[in-house]
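The values are calculated or read from the model by the stated rules, or taken from the named source; none is laboratory data. Keep in mind that what you see is a predicted model, and the values were worked out from it rather than measured. All Cβ positions, even for glycine, are placed from backbone atoms using ideal geometry, and neighbour counts span all protein chains on display. Just so you know, the surface numbers come from the protein's heavy atoms only, side chains and all, with ligands and any DNA or RNA stripped out. Shrake-Rupley method; radii C 1.70, N 1.55, O 1.52, S 1.80 Å.
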Amino acid sequence: MEWEVVIGLEIHAQLATKSKIFSGASTAYGAEPNTQACAVDLGLPGVLPVVNKEAVAMGAKFGLAVGAQVANRSVFDRKNYFYPDSPKGYQISQLYFPIVEHGSIDIELEGGKTKTIGITRAHLEEDAGKSLHEDFHGMTGIDLNRAGTPLIEIVSEPDMRSAKEAVAYMRKIHSLVQYLEICDGNMQEGSFRCDANVSVRPVGQQEFGTRAEIKNINSFRFVEKAINYEIERQIAIIEDGGKIAQETRLYDADKDETRSMRSKENENDYRYFPDPDLLPIELDDSYIQAIKETLPELPHEKKQRFITEHGLNSIDADVLTAQKAISDFFEATVNAADGEAKLSANWMQGEVMSALNKNSIDISECPITPELLGDMIKRIADNTISGKIAKTVFEAMWNGEGAADKIIEKKGLKQVTDTGLIEKVIDEIIANNEVQVEQYRSGKEKVFGFFVGQTMKATQGKANPQQVNELLKAKLKG
Amino acid sequence: MSLEKSDVEKIAHLARLSISDDDIPSYADNLSNILQLVEQMSSVDTNGITPMAHPLSESQRLREDNVTELNQRDHFQQIAPATKNGLYLVPKVIE
């Protein structure tokens, strides 16, 4: 039987405020346990939550960026459950009147097609603390520093039809929240994570199959693997005549499988009700308009501009706008390189990205500044160095040996464009390699590469490759 | 709507309340009475009326995003039954 996969994602993004959503405690990551958990975060009796203005503004900003309605009135509710990392016995969230509803975002599919993914809603809520299960002689350790950190939970429509689409959507949201500067996007630190609702149904069937929810996935790779595992698991069960249980599952990255969480935690009876400690949030139209005016250039707008302004193709523009820091670096490079956009795009996606990957560092830590890179690209564009030699220059710059011009000078890397000199080298090579010359002339064109290699070797790679090609072709004709 | 014994037990469990079997009938009565009142209110036509989120018809005042709380961990942890290395210790939560 042919199966269709149906996926919806719930993404939790920590909002980049300085203080918590309902208290004045710091949200900074990595502090000593419980040093940033105040009386409100601890849920001590008699405290009153007061809403952080910036968290509300960030929520509204997100809504406007996905073309959603930002509610004039939204209400906080209590979601009741007991777990030690949530000391109040409830999480403050927004169920009935969320701050954001009815948005959407486009994702790019393979083959250059786009698909619109609906965003049902996004609501403000507080994060829970952390439980540590090791080394406490049968006890669990609780760190409440994270409790009360503002989150925006972004709920998609069940619009995705493969793990790849789910990952593409998650990346889009990840990119967007960083552009908006409402979330640092740090997945290792848990600032950005998601739950995936996965079900399958026979192709052509209207109603959805029973879904399983995979909780707390914190990397793009795991999202794809967890969903793919889950799809296979569900199809196998149904094809064996079984039924899918609606349940919450956890993804175990070590074993690459999902497994059911114990049934007690599935007891989803949260008894939501409006939080009597908090009044409704009212945002008037002029406030929403003012927030709209603070929106930066969004990824899809930037992508379009890169295509028209810098003449990039759609794929290059996509890669270079996925991360704001990368797009800023690229534009600064183009500027420094006097508008050499295509060369800059190639170098960004080639040497720069692979060097960053190899050294496991972020673009913000790149030892080469856009100005240095741009200056080097200018030297490629004006034929001072070849693209191949530029790799040597790039490496030297990476190792802190200074600007391109200095390196070219010091290492004698200047390209040889003197036709007479190159001809002389080629003449010698042709004279010394009669066998290959014969082969070439009798139609074995592959041998051409041999001559290019020899010429480059004789000039220490400094001969202008284009000139070498032209001169060799002419001379080998005989 | 009137509540059964099992409803009361479930509600008590969700709220982590320990109640004695002897008290269950009176809880069931009292809670059922409250629900009857709610049913009465439900019969009123509320079409087009925004549900009240709070008895005060005010909107939420917002706070500036500033860190105003100092570290008072030692103070707070004086009342905790068990702590270690700055963590609050609770009975093991089974994963």
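What the table below lists for this structure:
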read-out	value
Flag for A:I238 being crowded, with 16+ Cβ neighbours inside 10 Å and at pLDDT 95 or above	no
Where A:L278 falls short, out of the listed (1) part of a loop (DSSP other than H, G, I, E, B); (2) in contact (Cβ under 8 Å) with a residue 24 or more places away in the chain; (3) farther than 30 Å from A:K88 by Cα	(3)
Residue match in region A:251-268 (condition: at pLDDT 90 or above, of a type outside the set (V, I, T) and in the same structural domain as A:F76 (by TED's automatic domain parsing))	yes
Residue check for A:A39: in the same structural domain as A:Y272 (by TED's automatic domain parsing) and closer than 19 Å to A:L15 by Cβ	no
Qualifying position, being touching a helix residue (DSSP H, G or I) at 6+ places or on another chain (Cβ under 7 Å) and of a type in the set (D, E, K, R), among A:R171, A:R146, A:R121	A:R171
Checking A:A16 against (1) out of contact with any helix residue (DSSP H, G or I) (no Cβ under 8 Å at 6 or more places or on another chain); (2) within 30 Å of B:G86 (Cα to Cα); (3) not β-branched (V, I, T), the condition it does not meet	(1)
Looking only at region A:65-99, and only at residues there that are among the small types (G, A, S) and assigned to a loop (DSSP other than H, G, I, E, B), the one that is most open to solvent (accessible area, probe 1.4 Å)	A:G67
Cβ pairs under 9 Å, 6+ apart, first in region A:244-261 and of a type outside the set (A, V, I, L, M), second part of a loop (DSSP other than H, G, I, E, B) and modelled with pLDDT under 85	A:E247/A:M261; A:T248/A:M261; A:T248/A:N268; A:R249/A:M261
From the options A:K446, A:K406, A:K424, residue that is open to solvent by 60 Å² or more (accessible area, probe 1.4 Å) and in the same structural domain as A:K391 (by TED's automatic domain parsing)	A:K406
Odd one out for A:A13 among (1) away from chain B (no Cβ under 14 Å); (2) loosely packed, with under 15 Cβ neighbours inside 10 Å; (3) touching a residue at least 24 places away in the same chain (Cβ under 8 Å)	(2)
Where A:L320 falls short, out of the listed (1) open to solvent by less than 20 Å² (accessible area, probe 1.4 Å); (2) in the same structural domain as A:I173 (by TED's automatic domain parsing)	(2)
Close pairs from region A:289-304: first open to solvent by 50 Å² or more (accessible area, probe 1.4 Å) and modelled with pLDDT of 95 or more, partner not acidic (D, E) and not in a loop (DSSP other than H, G, I, E, B), Cβ under 6 Å, at least 6 apart	A:K292/A:L64
Any pair with Cβ under 7 angstrom, 6 or more apart, that starts in region B:70-95 at a residue that is among the charged types (D, E, K, R) and ends at one that is surrounded by 13 or more Cβ atoms within 10 Å (Cβ to Cβ) and in a loop (DSSP other than H, G, I, E, B)	B:R73/A:N34; B:R73/A:T35; B:R73/B:G86; B:K84/A:F136
Any hit, region A:42-57, residues being open to solvent by less than 30 Å² (accessible area, probe 1.4 Å), part of a strand (DSSP E or B) and either touching a residue at least 60 places away in the same chain (Cβ under 8 Å) or touching a Ser or Thr at 6+ places or on another chain (Cβ under 6 Å) (or both)	yes
Test: residue in region A:155-173 that is touching a His at 6+ places or on another chain (Cβ under 6 Å), open to solvent by less than 60 Å² (accessible area, probe 1.4 Å) and more than 28 Å from B:Y88 (Cα to Cα)	no
For A:F62: the one exception among (1) aromatic (F, W, Y); (2) over 17 Å from A:L279 (Cα atoms); (3) in a loop (DSSP other than H, G, I, E, B)	(3)
Options A:Q178, A:Q188: the member that is open to solvent by 20 Å² or more (accessible area, probe 1.4 Å), farther than 30 Å from B:P81 by Cα and part of a helix (DSSP H, G or I)	A:Q178
Residue list for region B:61-80, restricted to those being of a type in the set (S, T, N, Q) and within 21 Å of A:A16 (Cβ to Cβ)	B:N66, B:T68
Candidates A:I380, A:I361, A:I315, filtered to the one that is open to solvent by 20 Å² or more (accessible area, probe 1.4 Å), β-branched (V, I, T) and assigned to a loop (DSSP other than H, G, I, E, B)	A:I361
Matching residues in region B:49-60 - criterion: being open to solvent by 70 Å² or more (accessible area, probe 1.4 Å) and within 7 Å of chain A (Cβ to nearest Cβ)	B:L56, B:E58
Any chance A:A390 is crowded, with 16+ Cβ neighbours inside 10 Å and in the same structural domain as A:E365 (by TED's automatic domain parsing)	yes
Filter result (over 21 Å from A:Y270 (Cα atoms) and open to solvent by less than 90 Å² (accessible area, probe 1.4 Å)) within region B:3-29	B:S20, B:D23, B:I24, B:P25, B:S26
Region A:111-152, residues that are more than 14 Å from chain B (Cβ to nearest Cβ) and surrounded by fewer than 20 Cβ atoms within 10 Å (Cβ to Cβ)	A:G111, A:G112, A:K113, A:T114, A:K115, A:T116, A:G118, A:T120
Some residue of region B:73-85 being out of contact with any strand residue (DSSP E or B) (no Cβ under 6 Å at 6 or more places or on another chain) and away from every other protein chain (no Cβ under 14 Å)	no
Candidates B:T46, B:T68 - the one that is among the polar types (S, T, N, Q), more than 9 Å from chain A (Cβ to nearest Cβ) and under 27 Å from A:P276 (Cα atoms)	B:T46
